[in-house]
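Reading through the structure tokens given below for one structure.
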Amino acid sequence: MLRLPLAILAAVLAAAPAFAQTADGRPPLVVQGAMSVEVDKLAGLLENVVIDRVGPWTFWRGTLDGYPVIVSKTLKGIANAAAATVLAVEHYHPAAIINQGTAGGHDPRLKLYDIVVGVSSVYIGAFRSPYRAAGTGSNPLEWVPLNLVASEGSAGTDPAALKIARFEGDARLLDAARHATSAYTRARIFEGVIGTSDMWNDEIDLIARFHRDYGTDVEEMETASAAQTAALLGVPFLGIRVVSDNTTNGSAFDPKTGEACEDYVRDVAKAYAAALRR
Ligand code: SAH
């Protein structure tokens, strides 16, 4: 299944500028975010920074407390996140990847600035709709999930594919995230499930369905895509998302939440690097 895309990728990468590895040859930690409000602060914290660019994707290569870290601006959405993840893995051979940033709450108890550490992420963007005749409308509440990586057969007919695609967070990264929680005083930190699609959902009944059927605590547009790519390429992965908006309790988008998430992720990165040194 992977053969054809990788062949195309090899051709693309051959045409891309060559990146230097991290100065000391240790595999770096890659920290991803989609938007400037999610990466600029982290990029500004790196020491000895060199900027690498491929098309619209930017990578800040430096160190944090002496440990090699790459901050990657993936741009928004699943296609951009997958592409940025492949570029990062091919160029930097990272020890691990953290995808972080803003997200919308799926649980009314979640307040702005609360953070959800992704024990797992699910892809809530692939479904098969049951047949409906012309003129009978559409009901996404009835749609059946499709796991597009479960098998090579036709996703719509293979029973193995008729469940949500779920990607588990890496145990060592989760340990680092737990280690860093006490320093985050802005709001609360939960362990939970991050739901990903290219949609911004504001339909309360649909959000309730995702929450009930797949356990989603927040939704956004990159984590499960980067998680899937990392899993297929064998790289440990963790998603971390701050609640930037929550339509289930009437909280409008606050872009400043992105910086709070960066503060926490900086501490997670430091805890991870410290654990690797031990
Ligand atoms: N209001 C911002 C939103 C950006 S679009 C703006 O106009 O610039 C969505 C981006 O924010 C994605 O990268 C996604 O990961 C994140 N996001 C935050 N809240 C979201 C929500 N409720 N649903 C989907 N994506 C959300």
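The values are calculated or read from the model by the stated rules, or taken from the named source; none is laboratory data. These numbers were taken from a predicted model, which means no experiment stands behind them. All Cβ positions, even for glycine, are placed from backbone atoms using ideal geometry, and neighbour counts span all protein chains on display.
Which of the residues belonging to region 172-186 are out of contact with any Asp or Glu (no Cβ under 7 Å at 6 or more places or on another chain), assigned to a helix (DSSP H, G or I) and within 14 Å of Ala269 (Cα to Cα)?
Arg172, Leu173, Leu174, Asp175, Ala176, Ala177, Arg178, His179, Thr181
Given the conditions (1) assigned to a loop (DSSP other than H, G, I, E, B); (2) more than 9 Å from the ligand (Cβ to nearest atom), report the number of the one that Arg266 does not fulfil.
Condition not satisfied by Arg266: (1).
Pick from region 73-96 the residues that are in a loop (DSSP other than H, G, I, E, B) and touching a residue at least 60 places away in the same chain (Cβ under 8 Å): which of them is nearest to Gln32 (Cα to Cα)? Working first, answer last.
Filtering region 73-96 for residues in a loop (DSSP other than H, G, I, E, B) gives 74-77, 93-95.
Still in the list and also touching a residue at least 60 places away in the same chain (Cβ under 8 Å): 74, 76-77, 93-95.
Values: Thr74: 6, Lys76: 11, Gly77: 13, His93: 15, Pro94: 12, Ala95: 14 Å.
The selected residue is Thr74.
Looking at Ile207, Ile194, which is the one that is buried (at least 17 other Cβ atoms within 10 Å of the Cβ), near the ligand (Cβ under 10 Å from one of its atoms) and in a helix (DSSP H, G or I)?
Of the residues listed, the single one that is buried (at least 17 other Cβ atoms within 10 Å of the Cβ), near the ligand (Cβ under 10 Å from one of its atoms) and in a helix (DSSP H, G or I) is Ile207.
Could you count how many residues in region 140-168 are in a loop (DSSP other than H, G, I, E, B), touching a Pro at 6+ places or on another chain (Cβ under 9 Å) and buried (at least 18 other Cβ atoms within 10 Å of the Cβ)?
Counting residues in region 140-168 that are in a loop (DSSP other than H, G, I, E, B), touching a Pro at 6+ places or on another chain (Cβ under 9 Å) and buried (at least 18 other Cβ atoms within 10 Å of the Cβ) gives 1.
If you check Leu173, Leu162, Leu148, Leu141, which single one turns out to be hydrophobic (A, V, I, L, M, F, W, C) and under 17 Å from the mean Cα position of the chain (by Cα)?
Matching residue, one of Leu173, Leu162, Leu148, Leu141: Leu173.
Restricting to region 229-248, give me the number of residues that are under 9 Å from the mean Cα position of the chain (by Cα) and either away from the ligand (no atom under 12 Å from the Cβ) or β-branched (Val, Ile, Thr) (or both).
So the first thing to find is which residues in region 229-248 are under 9 Å from the mean Cα position of the chain (by Cα), and the list is 237-241.
Those left that are additionally either away from the ligand (no atom under 12 Å from the Cβ) or β-branched (Val, Ile, Thr) (or both): 237-238, 240.
Qualifying residue count, region 229-248: 3.
Contact list please: Cβ distance under 6 Å, first residue in region 42-69 and more than 18 Å from Ile97 (Cα to Cα), second residue of a type in the set (Gly, Ala, Ser) and modelled with pLDDT under 95, pairs at least six apart or on different chains.
Val54/Ala16
Restricting the search to region 48-98, which residues are touching a strand residue (DSSP E or B) at 6+ places or on another chain (Cβ under 7 Å) and of a type in the set (Asp, Glu)?
Scanning region 48-98 gives a single hit, Asp52.
Does Ala260 meet the test of being under 15 Å from the mean Cα position of the chain (by Cα), assigned to a helix (DSSP H, G or I) and more than 10 Å from the ligand (Cβ to nearest atom)?
Considered against the rule, which asks whether it is under 15 Å from the mean Cα position of the chain (by Cα), assigned to a helix (DSSP H, G or I) and more than 10 Å from the ligand (Cβ to nearest atom), Ala260 comes out as no.
Would you pick out the residues in region 123-139 that are more than 16 Å from the ligand (Cβ to nearest atom), part of a strand (DSSP E or B) and not basic (Lys, Arg)?
Residue satisfying the conditions is Phe127 alone.
Quick one: Arg186 ticks every box in (1) within 12 Å of the ligand (Cβ to nearest atom); (2) under 20 Å from Val37 (Cα atoms); (3) among the charged types (D, E, K, R) bar one, so which box is it?
Tallying (1) within 12 Å of the ligand (Cβ to nearest atom); (2) under 20 Å from Val37 (Cα atoms); (3) among the charged types (D, E, K, R), Arg186 fails exactly one: (1).
When Ser120 is evaluated against the numbered criteria (1) free of Cβ contacts under 8 Å to residues at least 24 places away in the same chain; (2) part of a strand (DSSP E or B), which criterion, by number, is the only one it fails?
(1)
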